[in-house]
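Below you'll find the structure, written out as structure tokens, and then a few comments.
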Amino acid sequence: MTEVIQKVQLVEGKFTPSEASDIISSLITEKINFHKLQRLERSEGNINADCEYPDNRVQELENERMIAKEFIKNARLEGRNITINGTLEISFDQ
């Protein structure tokens, strides 16, 4: 079992669909940009660099963004707000 050393509460609360969309989109976009930069750093000067993980992760995040957009669209249609609880759990490698 991995011991959690620190928790960081990134976002917590109730939001309108528009606010939730902005928050979720921003978080996912930042993570996508991180992986794109990672891929660029790996491949710079090495055309044969292994970029499978960053490429796959970007695709997974794009998919998650579409799922979130659909969820938010449904909340908007139903006139409901959205609760978001985003906590990072940080620990040392074993």
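Among the residues of region 22-50 satisfying the criterion of being open to solvent by less than 60 Å² (accessible area, probe 1.4 Å) and modelled with pLDDT under 90, which is farthest from Ile82 (Cα to Cα)?
Filtering region 22-50 down to residues open to solvent by less than 60 Å² (accessible area, probe 1.4 Å) leaves 23-25, 28-29, 32, 35, 38, 43, 49.
Narrowing the set further to residues that are modelled with pLDDT under 90 leaves 35, 38, 43, 49.
Values: His35: 28, Gln38: 32, Ser43: 39, Ala49: 41 Å.
So the residue we want is Ala49.
Looking at Lys14, Lys7, Lys69, Lys73, which is the one that is assigned to a helix (DSSP H, G or I), open to solvent by 100 Å² or more (accessible area, probe 1.4 Å) and either at pLDDT 95 or above or touching a Ser or Thr at 6+ places or on another chain (Cβ under 7 Å) (or both)?
Details: Lys14 fails: assigned to a helix (DSSP H, G or I); Lys7 fails: assigned to a helix (DSSP H, G or I); Lys73 fails: open to solvent by 100 Å² or more (accessible area, probe 1.4 Å).
Of the residues listed, the single one that is assigned to a helix (DSSP H, G or I), open to solvent by 100 Å² or more (accessible area, probe 1.4 Å) and either at pLDDT 95 or above or touching a Ser or Thr at 6+ places or on another chain (Cβ under 7 Å) (or both) is Lys69.
If Thr83 satisfies every condition in (1) β-branched (Val, Ile, Thr); (2) open to solvent by less than 90 Å² (accessible area, probe 1.4 Å); (3) modelled with pLDDT of 90 or more but one, which is the exception?
Result: Thr83 fails condition (2) only.
All but one of (1) surrounded by fewer than 11 Cβ atoms within 10 Å (Cβ to Cβ); (2) at pLDDT below 95; (3) hydroxyl-bearing (Ser, Thr, Tyr) hold for Tyr53; which doesn't?
(1)
The values are calculated or read from the model by the stated rules, or taken from the named source; none is laboratory data. Computed from a predicted structure; not experimentally measured. Cβ coordinates were reconstructed from backbone atoms using ideal geometry, including for glycine residues, and neighbour counts include every protein chain displayed. Remember, those area values only see protein heavy atoms, side chains included, never the ligands or the DNA or RNA. Shrake-Rupley method; radii C 1.70, N 1.55, O 1.52, S 1.80 Å.
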